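**Q** Below you will find the structure I want to go over with you.
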Amino acid sequence: MEQITFRDFAEQGDKIQAIQRQITENQFTHAVMISGEPGTGKKTLASVIAKAILCSSEKDRPCNECENCRLFDSGEHPDMILIQKGNPLAAETKKDD
């Protein structure tokens with residue numbers, strides 16, 4: 001399977017380059033708003049950002065080679081929690097009735 005990187009979002013312009021630069025310089029902001037029409041790659045971009053933040057490489061991040069990238073790809077990275085609508089973060093979490 002081909003790995004998605006920031007290069008795949010290059011057409012989005014300066015904003016993507018700014019995010020990548022912030023991650024590279026360890027100056028990433030505390031939050032990013034990703035918006036757009038359905039099917040435009042919002043979840044994919046969020047995944048690339050999260051993976052790049054967790055990547056331990058000194059070169060372009062995400063490197064898709066280091067242990068952190070491999071753990072991320074397998075869904076086993078201990079610092080990655082995927083929050084999905086309707087799925088509680090913990091078994092003891094209950095919906096308000």
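**Q** For the stretch 68-75, just list the computed ³J(HN,Hα) in residue order, Karplus coefficients 6.51, -1.76 and 1.60, θ = phi - 60°, integers in Hz, with x standing in for Gly and Pro.
**A** My calculation for the stretch 68-75 gives 5, 5, 5, 5, 4, 4, 7, x Hz in order.
**Q** In a GNM of the chain with a 10 Å cut-off on Cα contacts, which of ASP73, ASP60, ASP14 has the highest mean-square fluctuation?
**A** ASP14
**Q** Same structure again: Just to be sure I understand the model, the point goes 7 Å from the Cα along the line to the Cβ. What's the resulting ARG7 to MET80 distance in nm?
**A** Rounded to a tenth, the inter-label distance reads 2.0 nm.
**Q** Further question: Excluding ligands, DNA and RNA, what is the solvent-accessible area per residue of the stretch 17-97 at a probe of 1.4 Å, expressed in Å²?
**A** Heavy-atom accessible area per residue stands at 79 Å².
**Q** Return a single number: how many Lys pairs in the stretch 3-97, at a sequence separation of 8 or more or on separate chains, have alpha-carbon atoms below 28 angstrom apart.
**A** For the stretch 3-97, the number of qualifying lysine pairs is 19.
**Q** If you don't mind, there's one more thing I want to ask. Taking the Cβ of ILE16 as the center, what net charge do the other residues with Cβ under 10 Å away carry, scoring Lys and Arg +1 and Asp and Glu -1?
**A** 0
**Q** If I take every Cα pair under 8 Å that is 6 or more residues apart in the chain, average their sequence separation and divide by the length, what percent do I get for the relative contact order? Spell out each step's value before the answer.
**A** Numbers: 57 pairs, mean separation 16.8, N = 97.
In percent, rounded to a whole number, it is 17.
**Q** For THR5, enumerate residues with amide H under 5 Å from its amide H, sequence gap 5+ or separate chain, H modeled in the peptide plane.
**A** Placed amide hydrogens put nothing under 5 Å from THR5.
**Q** Moving on. Can you compute the modelled spin-label distance between GLN27 and GLU92, with each label point 7 Å from Cα toward Cβ, in nm?
**A** Between GLN27 and GLU92, the simple spin-label model gives 4.2 nm.
**Q** Further question on the same structure: What angle, in degrees between 0 and 90 and rounded to the nearest 10, separates the Cα long axis of helix 14-24 from the longest principal axis of the Cα atoms of the chain?
**A** 80
**Q** Under 5 Å between amide hydrogens, which residues at least 5 positions from CYS63 or on another chain qualify, with H placed 1.01 Å from N in the peptide plane?
**A** Residues meeting the amide H criterion: SER57.
**Q** Same structure again: In the stretch 1-91, what GluC sites (Glu not before Pro) fall in a loop by DSSP, with at most 11 other Cβ atoms inside 10 Å? Walk me through the intermediate numbers first.
**A** Numbers: sites: GLU2, GLU11, GLU25, GLU58, GLU65, GLU67, GLU76; in loops: GLU2, GLU25, GLU58, GLU65, GLU76.
Those that pass, being in a loop and sparsely packed, are GLU2, GLU25, GLU58, GLU76.
**Q** Still on this structure: Can you work out the base-10 log of I(q)/I(0) for the chain at q = 0.13 1/Å, using the Debye formula on its C-alpha atoms alone?
**A** -0.52
**Q** Right, something else. Mind putting a number on the dipole of the stretch 27-79 about its Cα centre? Charges go on the C-beta only, +1 for Lys and Arg and -1 for Asp and Glu, and I need it in Debye to the nearest 20.
**A** 180
The values are calculated or read from the model by the stated rules, or taken from the named source; none is laboratory data. Remember, it's a predicted structure, so these values are computed and weren't measured experimentally. Cβ: placed from backbone, ideal geometry, glycine included. Neighbour counts: every protein chain shown. Heads up: the accessible areas ignore ligands, DNA and RNA and are worked out on the full protein's heavy atoms, side chains in. Shrake-Rupley method; radii C 1.70, N 1.55, O 1.52, S 1.80 Å.
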